[in-house]
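Asks: My questions all concern the structure below.
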Amino acid sequence: MIQTLFPRDRVARALTVSTMAFAMSTGVFYSVSVLYFTRVVGLSAGAVGLGLGVAGGAGVLGSFLAGRWSDRWGAHRVQVWGLVVQASALAAYAFVADVVSFTVVAVLVSAGRGVQGTARQTLLARWFTGAERVEVRARLRVVTNVFIGLGTLAAAVALLLDTAVAYRTAMVGTAVLLLVAVVPLVALPRTVPGLAERLRAGALAAQGAADGGAAPAAGSAGAPVGVPAGTAAPSPWRDRTYLASVALNAVVAMQFGVMTVGVPLWVATTDAPTAVVSALLVVNTVLVALLQVRASRGTHDVRGAGRAVRRGAVLLAVACVVYAAAGHGSLVVATVLLVLAAATHSLGEVLSEAGGWGMAFELADPRRAGEYQGLSQTGYALSGMVAPVVVTALPIRYGAPGWLVLGAIFVAAGVGAAAVARRAADRADPVDAGLSPIASTSR
């Protein structure tokens, strides 16, 4: 945990401090925003939902465009711009007065969030390599979960006061925290040590993989962490292996919607008390904080990443079965089953997330790190938009059969992701180990 909160590497330390402030801002916003929009601004729940839906589309677009911008202007600059735009828009929430102004501001907030998320992923892809890269990403997720919780606790002050001034102050506070998140990023190095040598190695690896019939892929040891703008490389939209990986991992990522939307609604239909929802979220937060780094071990190997996604998807399916069973038990039985389901869900979450990161990093062509990570983040953004619809359309509407169908979807996507990773590694195996990063980590 000390290494997680106070990493020795300069870039990891800057990203960690920035993530702390960003996550606290997110925790405060999640806690007070809906009440602020409805009670203070006076918007209807339908208007808020419509505005946030439109904003979600802007987030998807921002996630995608930020990849190209990161390759052209540098991921560190794009991340700073994204945070500044998001902070400015959050501050503007204090002045919205109708549904139009609310929607415009929500679009800017979501777009900025999408931009900074892709830029951060690109920075990780360029600066770090191999096992270290996935480990740093896992540690940042632990920091995110912990500090979102702290932000939620801080927001309790505004919730207790329950006044317009308190809510507006909290909204301005989210903007200030985001500006704090910018500070450690401004001082990040503009160049990566050993970039030229790593770029040459990566170009040879990509060319060797192409000659051997494998999809270009960024591997672990020796892979480049950054490329100058204008370096020729195929578009990720022509990389069928990467497209398949993004699509399948996006399906598995719908599990976030299960925890945030499906579980609260499902608990209300069982004999368990609604207060159990908070306990389930605590279980999820604690297990992610304790196990995410451990779950990421070995996922810098593309085959290992695929296996992690598959195992995580199977655990998610098991959790779906247990959630369904909770709907047919007494108060005590339902409560116990819900806790077991949440624990199983959390284990599936950490495994599938770690595997998804590994595939997103290792299957990408390093010469276009930004565009590849932009495509990957776009998949996650689309998953976030679709998940509430799927969850409410299946488990919440159809009950146990819906849970079983959702579990089958997770298993199918996980098995598919593992197959994609295995085939990519198999195609790279004939290539000389000194040229192919995948071959060097898969044998």
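Taken together, the values in this text are just the output of simple stated rules run on the coordinates, not laboratory data. What you see is a predicted model, and the numbers here were worked out from it, not measured in a lab. So basically every Cβ, Gly included, is an ideal-geometry build from the backbone, and we count neighbours across all protein chains shown.
Asks: Based solely on its DSSP helices, what 222 nm [θ] is calculated for the chain when runs of n ≥ 4 H residues each add -39,500 (n - 2.57) and the sum is averaged over all residues, nearest 500 deg cm²/dmol?
Replies: The helix contribution divided over the chain gives -26000 deg cm²/dmol.
Asks: Got a sec? How would Phe95, Phe410 order by Cβ neighbour count within 10 Å, fewest to most? Provide the component values of the computation, followed by the final result.
Replies: Details: Phe95 11, Phe410 25.
Fewest-to-most ranking of Phe95, Phe410: Phe95, Phe410.
Asks: Still on this structure, please answer the following. Using a Gaussian network model on the chain with a 10 Å cutoff between Cα atoms, which of Ser376, Ser278, Ser70 fluctuates the most?
Replies: It is Ser278.
Asks: With an 8 Å Cα cut-off and a minimum separation of 6 or more residues, compute the relative contact order for the stretch 2-186 in percent.
Replies: For the stretch 2-186, the relative contact order is 43 percent.
Asks: Compare Ala89, Ala325, Ala275 in a GNM of the chain, Cα atoms joined below 10 Å, and give the one with the largest fluctuation.
Replies: Ala275
Asks: Could you work out the relative contact order of the chain? I mean the mean sequence separation of Cα pairs under 8 Å and 6+ apart, divided by the number of residues, in percent.
Replies: Relative contact order for the chain comes out at 23 percent.
Asks: For helix 99-127, what angle does its Cα long axis make with the longest principal axis of the chain, in degrees from 0 to 90 and rounded to 10?
Replies: Tilt relative to the chain: about 30 degrees.
Asks: How would you rank Ser235, Ser296, Ser88, going from fewest to most other Cβ atoms within 10 Å of each one's own Cβ? Mind dumping the intermediate values first?
Replies: Working: Ser235 11, Ser296 28, Ser88 16.
Fewest-to-most ranking of Ser235, Ser296, Ser88: Ser235, Ser88, Ser296.
Asks: So if I place +1 on the C-beta of Lys and Arg and -1 on the C-beta of Asp and Glu, and nothing else carries charge, what would the dipole magnitude of the stretch 2-186 be about its Cα centre? I want it in debye, nearest 20. Provide the component values of the computation, followed by the final result.
Replies: Details: 15 positive and 6 negative charges, 113 e Å.
Magnitude of the dipole: close to 540 debye.
Asks: Here is a further query. Mean 1/r over all different Cα pairs, inverted: what Kirkwood radius does the stretch 293-358 give, in Å?
Replies: 12.2
Asks: Using the charge dipole of the chain (Lys, Arg: +1 at Cβ; Asp, Glu: -1 at Cβ; taken about the Cα centre), state which of Thr122, Ser278, Gln255 has its Cα farthest towards the positive end.
Replies: Thr122
Asks: Then there is this: Distance between Cα centroids, the stretch 13-50 to the stretch 73-110: provide it in whole Å.
Replies: If we compute the Cα centre of each part, the gap is 12 Å.
Asks: Just to confirm the number: angle between the C-alpha axis of helix 10-35 and the first principal axis of the chain, 0 to 90 degrees, nearest 10?
Replies: The answer is roughly 30 degrees.
Asks: With 10 angstrom as the radius, rank Val186, Val246 by how many other C-beta atoms surround their C-beta, starting from the fewest.
Replies: Values: Val186 11, Val246 26.
Ascending Cβ contact count within 10 Å gives the list Val186, Val246.
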